[in-house]
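Notes follow the structure.
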Amino acid sequence: MDFCTANWYPLGDVYYRKFELYQMEWNVREEFKDCLVAVGPYGGSIALMKNYLTKEKPSSSRPILETYSASGVLLATIPWKSGQVVHLGWTVSEDLMCIQEDGTVLIYDIFCVYKRSFSLGNEIKQNQILEAKVFHSEYRTGIAVLTGALNFTLTSNIDDVKLRRMPEMPNPKVLPSCWTILFQDRITLILLAIGNDLYLLDNTACSLVTLPGMSPMCGAYLNFSVSFHHKYLAVFTDSGYIWMGMSSLKEKLWEFTSDTRQAPKQMAWCIRPQSKQIAVVVMWDKMLLVAGKGNDGIQFSLDEETFMVLELDGVRLISHSTHEFLHEIPKATEEIFKIASMAPGALLMEAQKEYEKQSQKADDYLREIKDQNLLPVAVAKCIEAAGYEYAPEMQKSLLRAASFGKCFLDSYSPSDFVTICRDLRVLNAINDYQIGIPLSITQYKQLTIPVLLDRLVLRRLYPLAVKICEHLKQPDSQGVSRILAHWACYKVQQKEKTDEEVAQAINQKLGDAAGISYSEIASKACDCGRTELAIKLLEYEPKSEDQVPLLLKMKRSNLALGKAIESGDTDLVYTVVSYMKHEFNRGDFFMTLQNHPVALSLYQQFCKHQEPETLKDLYNQDDNHQELANFHVRASYSTEKSVEGRVAELQNAVDEYNRAKNDWAAKVTEDQIKLLRIQRVLREQLNKPYLNYSLHETVYNLILDNMQKKAEQLYKEFKIPEKRYWWLKLTALAEKNDWDELENFSKSKKSPIGYLPFVEICMKEKNKSEAKKYIARVNPEQRVKALLLTGDLEQAAEAAIEHKNENEMNMVLSKCNSAADSVAAEKIERAKVLLLKK
């Protein structure tokens, strides 16, 4: 195991190591200092802008923007045709931001395909950008810039750009020697240095700050470095002094003095999550220094120009020929591989090796571990250490030891072992040179599987992403289906094959996979100008509500209307009809509706409540005289207020009914016109609102107003049925208590409704004496009921006995019982007995 520690370097209580991830074969000849360089975290891609132009070094050739994988594989290259770029940076979603000196920010994908752009405002455009920094916070990407007017402006989210102008610096004529971004209580701050002074810019003010434990003799500030999660801050001064502390500027953690006083090219924190060790990596042209809790730092010589990238658990070092990783040795790895280690994991490794040699020593090592009851710990440490290794052979060696040890445990859950094997298989696949995503196990867990899959999709590594989903048993909706949908969106952009071939290929690959939205794929095809392909893809989309909006977007409204009608969703049909109404001229719109009766019917229903005039045009267009007449009838009462207007509308209705050969409706409408004219005269004569009455209400009110002759005239003129007229007059006379007229009316001729209604109406008006006048004229069949109404129970009983009707007898008996009339009740009982005997 000695060779494992050959590249270990002690610093305080821990060790650091630097090992090679890739041999870079990207043939980059330019010096990094002559290029703009941006490298994304979590094993992200590399962006280079060659022939970088500045005012100090103009160039006749056009700049070239290139993107590479972390292993140096060229992804894309484009000539730069826009303005002068001052900074490159990657977003959290792996988009490349090119920040120009005029404040324009252009965003490209990983293959240099333009996506969008935005501006940082007119003020920045006028003053130009001197320096810019890209920062990340809580899944967002922000930009901070220093302008030519020596003012700071920032936005915390490029997806929702809200510019914030920071307060003025104390000396607006002196350029800061260095500056960085800090976060305190979710507020973005700027820390800047001017000579020996530090200033903190917040939302409201510029404050002079002093670092705790910082000697005033340390000199001017030359460089800042903030840790990956913005928790720690490191400061380098021109005396070689390095201050390390909390980014809150309230606590000092450590200090270190370097022999080199020259300003470093880069400085980055190199710490592990949950580690108590702190260390900062400082880089100059030919030397790399790891300064931390130790008297002496670790120094590495650099043979070629190097670019340093901050990571969650270490630092990546990229040069023209190699890509290396510098990090703190995890405790589990140190315990197992440290020389002469007697830790349980180290003993288990030795036991497994001796077992392979068929040596008795294997049993001795195992007994030593088991006697201390540390075998579960030893297995766990080997599993943990395997995750921290990059070399597959070392991973296998540790996992063999863990597998060997767990065989001697009675109750051991293999879940941790299975999980690490599964994760390492994924990590080894993406760490491959052709893929070039060198994630550590710590970064992998922090990044999460869905985000890793997104990154593979961005790189168009669809087969690998699908294999990983299947290997990790991800749900289809979050895994394979989602990836296939991305593949299909990419497939529609390839123009080598016909629309038919592409549509069939996509359907054959996707089928009815859960979570697949063909409408999204079709939308992508539409955006690429392949309208026919989009329509073919929509045929596979089962949801009409997803089909219709895209068809409308493609100006295929007839097809959209057909799909909406097939769906049976009236809201969807209304949506299409509304769209067509605004897009088509009136004639074409009506003609289209004529070809779709369902849509026409729904639109007519809509127009009845919202657009009646449009409904009229529809009926005219279709020569629908019946509905047009109905429309005029409704209009006469809903829109017209004057009698003349109502009559005019009704006359139009009569004409249309005649055209529709609906004689009955025409006659009824003519009668209504006649009634309206009569009501207008009555309203003027009596000053009462006759105008809104029906025919029956009109006659009823005329009787109430003592206009018997006029009521009689309407009765004859409008041929009101005799029975109905008698009921109207009977009710009206009783209501006005005109009993004499009522009696005269009853004697005018034989009542067509009988005389029981007279009794009922009188009793309703609580006039018993008038009711009794009509008892004798009531039909014998109804006389018992009439007597019961007036309360003459004894006469009712006698009438029931006379009729020998058992139902009448029971009815009277029930009334007698409730009225406690014992005399009548006895008569009824006797009558019933006699009736039953017969």
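The values are calculated or read from the model by the stated rules, or taken from the named source; none is laboratory data. Note that this is a predicted model, so its numbers are computed, not measured. Note that each Cβ is placed from the backbone with ideal geometry, even for glycine, and that neighbours are counted across all protein chains shown. To get the accessible areas, we keep the full protein, side chains included, count just its heavy atoms, and leave off ligands, DNA and RNA. Shrake-Rupley method; radii C 1.70, N 1.55, O 1.52, S 1.80 Å.
Considered as a group, the residues in segment 74-103 that are in a loop (DSSP other than H, G, I, E, B) and among the polar types (S, T, N, Q) include one that is farthest from D454 (Cα to Cα), and that residue is Q84.
If I753 meets every condition in (1) surrounded by fewer than 16 Cβ atoms within 10 Å (Cβ to Cβ); (2) out of contact with any Lys or Arg (no Cβ under 9 Å at 6 or more places or on another chain); (3) among the hydrophobic types (A, V, I, L, M, F, W, C) apart from one, which number is that one? Single failed check for I753: (2).
Looking at L464, L484, just one residue is under 30 Å from V309 (Cβ atoms) and surrounded by 14 or more Cβ atoms within 10 Å (Cβ to Cβ), and that residue is L464.
With the checklist (1) at positive phi; (2) surrounded by 14 or more Cβ atoms within 10 Å (Cβ to Cβ) in hand, flag the one item I420 doesn't pass. In the conditions (1) at positive phi; (2) surrounded by 14 or more Cβ atoms within 10 Å (Cβ to Cβ), I420 misses (1) alone.
Looking only at segment 756-796, which residues are in a helix (DSSP H, G or I), open to solvent by less than 20 Å² (accessible area, probe 1.4 Å) and hydroxyl-bearing (S, T, Y)? Result: T790, single match. Annotation: Q474 fulfils all but one of (1) more than 21 Å from the chain's Cα centre (by Cα); (2) closer than 23 Å to F111 by Cα; (3) open to solvent by 30 Å² or more (accessible area, probe 1.4 Å); the unmet one is (2). Beta carbons closer than 9 Å, at least 6 apart along the sequence or on distinct chains, pair a first residue in segment 790-805 that is closer than 19 Å to N767 by Cα with a second that is assigned to a loop (DSSP other than H, G, I, E, B) and modelled with pLDDT under 75 for L793/D821.
Evaluated against (1) within 17 Å of Q443 (Cα to Cα); (2) crowded, with 20+ Cβ neighbours inside 10 Å, V281 falls short on exactly one condition, (1). Taking the numbered list (1) surrounded by fewer than 22 Cβ atoms within 10 Å (Cβ to Cβ); (2) in a strand (DSSP E or B); (3) of a type outside the set (D, E) in turn, G294 passes all entries but (2).
If we scan segment 368-375, do we find a residue that is modelled with pLDDT of 90 or more, open to solvent by 10 Å² or more (accessible area, probe 1.4 Å), over 20 Å from P414 (Cβ atoms) and part of a helix (DSSP H, G or I)? Among the residues of segment 368-375, at least one is modelled with pLDDT of 90 or more, open to solvent by 10 Å² or more (accessible area, probe 1.4 Å), over 20 Å from P414 (Cβ atoms) and part of a helix (DSSP H, G or I), which makes the answer yes.
Considering segment 407-514, the qualifying helices (runs of 4 or more DSSP H), each wholly inside and each with 2 or more residues that are more than 17 Å from L538 (Cα to Cα), run over 415-431, 441-447, 449-458, 462-472, 480-491. When W487 is tested against (1) farther than 25 Å from Y108 by Cβ; (2) in contact with a Phe, Trp or Tyr (Cβ under 8 Å, 6 or more places away or on another chain), only condition (1) is not met. Selection of segment 331-367 for residues being exposed (fewer than 15 other Cβ atoms within 10 Å of the Cβ) and hydroxyl-bearing (S, T, Y) yields only S359. When we screen A629, A635, A648 for residues that are of a type in the set (A, V, I, L, M, F, W, C) and modelled with pLDDT under 75, the only hit is A635. Would you pick out the residues in segment 245-287 that are in contact (Cβ under 8 Å) with a residue 40 or more places away in the chain, of a type in the set (A, V, I, L, M) and not in a loop (DSSP other than H, G, I, E, B)? Across segment 245-287, the qualifying residues are M267, A268, A279, V280, V281, V282.
Can you name every residue in segment 693-730 that is among the polar types (S, T, N, Q), assigned to a helix (DSSP H, G or I) and farther than 16 Å from N744 by Cα? Within segment 693-730, T698, N701, Q713 meet the criteria.
Mind checking whether some residue in segment 494-510 is acidic (D, E) and in contact with a Gly (Cβ under 7 Å, 6 or more places away or on another chain)? The answer is no; no qualifying residue exists.
Return yes or no: is Y540 open to solvent by 70 Å² or more (accessible area, probe 1.4 Å), modelled with pLDDT of 70 or more and of a type in the set (F, W, Y)? Taking the combined requirement at face value, the residue satisfies it. Could you say whether any residue in segment 134-141 is open to solvent by 40 Å² or more (accessible area, probe 1.4 Å), among the basic types (K, R) and either over 29 Å from the mean Cα position of the chain (by Cα) or at pLDDT 95 or above (or both)? No, there is no match, as no residue in segment 134-141 is open to solvent by 40 Å² or more (accessible area, probe 1.4 Å), among the basic types (K, R) and either over 29 Å from the mean Cα position of the chain (by Cα) or at pLDDT 95 or above (or both).
Taken over segment 2-28, the criterion of being open to solvent by 20 Å² or more (accessible area, probe 1.4 Å), over 22 Å from I441 (Cα atoms) and touching a residue at least 24 places away in the same chain (Cβ under 8 Å) is satisfied by D2, P10, G12, D13, E25.
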